[in-house]
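Heads up, the thing below is written out as structure tokens.
What follows is calculated from the coordinates using simple rules that are stated; it is not laboratory data. On a predicted model such as this, the values are computed, not experimentally measured, just so you know. Don't worry about glycine lacking a Cβ; one is built from the backbone with ideal geometry, like all the others, and counts go over all protein chains shown.
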Amino acid sequence: MNTKSKRKSKIKSNVDVYRRFAEVYDDISADSHSLNMVDYTLRIFRKFRLKPKTGLDLCCGTGSAAIALAELGFSITGVDKSKHMLRYARQKAKSSGLTKLNPNFVNDSLPQLKQTSKESFERYDFVTCFFDSLNYMLTEKELSLAFRAVSDRLRPGGLFIFDLNSAEALKKVWGEDVFGNAFDDSAWITKGVYFARAKMATVRLIMFVRKGSTEIWRRFEESHTEKAYHIIDVKRFLKLAGLIPVASYCCLTFAKAKERDHRICFVARKPE
């Protein structure tokens, strides 16, 4: 199988990602970055003098960030493609004492967001998409459609806040490093490959999970594929979607983003 064929087969694997990973996602602190983004988002609100009330958290996963935002008093809708991730999100929200309506979790997916709410085009004061979720848009068309969907759901003056892995991150972290860790009831290891011409990387995740006090461990694998985009192209796609790119930062800071930064946070505004 040539490199191009291998890449196509890996890209298809994105269809079923998170089906089993949802079981251990929080246990291995995979939600930690999204939680860190909550405080950072509040700082961005203050910087751009936004006082929002309602928010849409795209690709919310197990709901950690959406729940944290709801606990801060925002009315939040969390959206994710994975029903498995959303099951854990709803359980966590219930355990936190939050109502079924806030946060409201909806099964939907980018790039077009057909069923975000009962009101097809409910609009929000802000939209977030954390933990390089938009890198899963593997073509420029998909990313552009995702930005258009966000634009349609933002109120005039509202902010869109999201972070992306850079090509440098996909090359150096996904493509070269091997990661792993072990806990009492789970262990995992990842290994990736980087496709320089396409600026894409695929990582293979191998997990071992034990339930209860038995000595029986279950093994499963998932593959995740991401594509990197240049800063200038992201801003261009935002403009084409009717959004004004107002800032790009080295993520979790307010330093101007550079292509060599591993994670870049973008802030865009819907024109008033």
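Describe numerically, in nm with one decimal, the distance between label points set 7 Å from Cα along Cα→Cβ at residue 240 and at residue 36.
3.2
Rg to Rh ratio, region 95-225, alpha-carbon atoms and Kirkwood radius?
With Rh from the inverse mean 1/r over Cα pairs, Rg/Rh is 1.06.
Treat every Asp and Glu Cβ in the chain as -1 and every Lys and Arg Cβ as +1, leave all other atoms uncharged, and give the resulting dipole magnitude about the Cα centre to the nearest 20 debye.
800
Provide Rg over Rh for region 228-272; use the alpha carbon set for both Rg and the Kirkwood Rh (inverse mean inverse pair distance).
Radius of gyration over Kirkwood radius for region 228-272 works out to 0.98.
May I ask which residue of 264, 195, 131 lies farthest towards the positive end of the charge dipole of the chain, with charges of +1 (Lys, Arg) and -1 (Asp, Glu) on Cβ and the Cα centre as origin?
195
For region 150-237, what is Rg from Cα atoms divided by 2.2 N^0.38 Å, rounded to two decimals?
1.51
Evaluate the charge dipole of region 44-89 about its Cα centre and quote only its size in Debye, nearest 20, assuming +1 on the Cβ of each Lys and Arg and -1 on the Cβ of each Asp and Glu.
For region 44-89, the charge dipole is close to 220 debye.
Want the number for residue 185 to residue 254: 0.36 nm per residue separation, take away the alpha-carbon distance, what's left? Don't jump to the answer; show the numbers that get you there.
Values: separation 69, 0.36 × 69 = 24.84 nm, distance 3.83 nm.
Working it through step by step, the gained length comes to 21.0 nm.
Which peptide among 148-161, 235-248 comes first, and what is the full order, when sorted by highest mean count of other Cβ atoms within 10 Å?
Answer by packing, highest mean first, reads 148-161, 235-248.
Rounded to two decimals, what ratio of Rg to Rh does region 28-146 give with C-alpha atoms and a Kirkwood Rh?
Radius of gyration over Kirkwood radius for region 28-146 works out to 0.94.
Picking from 37, 97, 50, whose Cα lies most toward the positive end of the charge dipole for region 35-103 (charges on Cβ: Lys, Arg +1; Asp, Glu -1)?
It is 50, whose Cα lies furthest towards the positive end.
State which entries of 227/270; 171/256; 141/172; 47/114 exceed 28 angstrom in Cα-Cα distance in the structure shown.
Over 28 Å apart, Cα to Cα: 47/114.
State the cysteines of the chain left without a partner when partners are defined as other cysteines whose beta carbon lies under 4.7 Å away.
59, 60, 129, 250
Given N residues in the chain, what is Rg(Cα) / (2.2 N^0.38 Å)?
On the way: Rg = 18.3 Å, N = 272, 2.2 N^0.38 = 18.5 Å.
Ratio of Cα Rg to 2.2 N^0.38 Å: 0.99.
So if I take the centroid of the Cα atoms in region 73-92 and the same for region 145-168, what is the distance between those two points in Å?
Centre-to-centre (Cα) distance: 19 Å.
Can you sort 227, 100 by how many other beta carbons sit within 10 Å, fewest first?
100, 227
Let me know the volume per residue of the alpha-carbon convex hull for region 181-229, in Å³.
Enclosed volume per residue, from the Cα hull, is 73 Å³.
Within 10 Å, count the other beta carbons around each residue, average over each peptide in 45-53, 264-272, 129-137, and list them highest first.
Final packing ranking: 129-137, 264-272, 45-53.
Report the antiparallel proportion of the DSSP beta bridges in region 94-251 as a percent, rounded to a multiple of 5.
85
If we count every other residue with Cβ under 11 angstrom of residue 270's Cβ, Lys/Arg +1 and Asp/Glu -1, where does the sum land?
+1
Only Lys, Arg, Asp and Glu count, each charged at its Cβ (+1, +1, -1, -1), so figure out the dipole size of region 205-272 about its Cα centre, rounded to 20 debye.
160
Chymotrypsin sites (Phe, Trp or Tyr not before Pro), restricted to region 162-216: which are DSSP loop and have at most 10 other Cβ atoms within 10 Å?
Here no loop site has a sparse enough neighbourhood.
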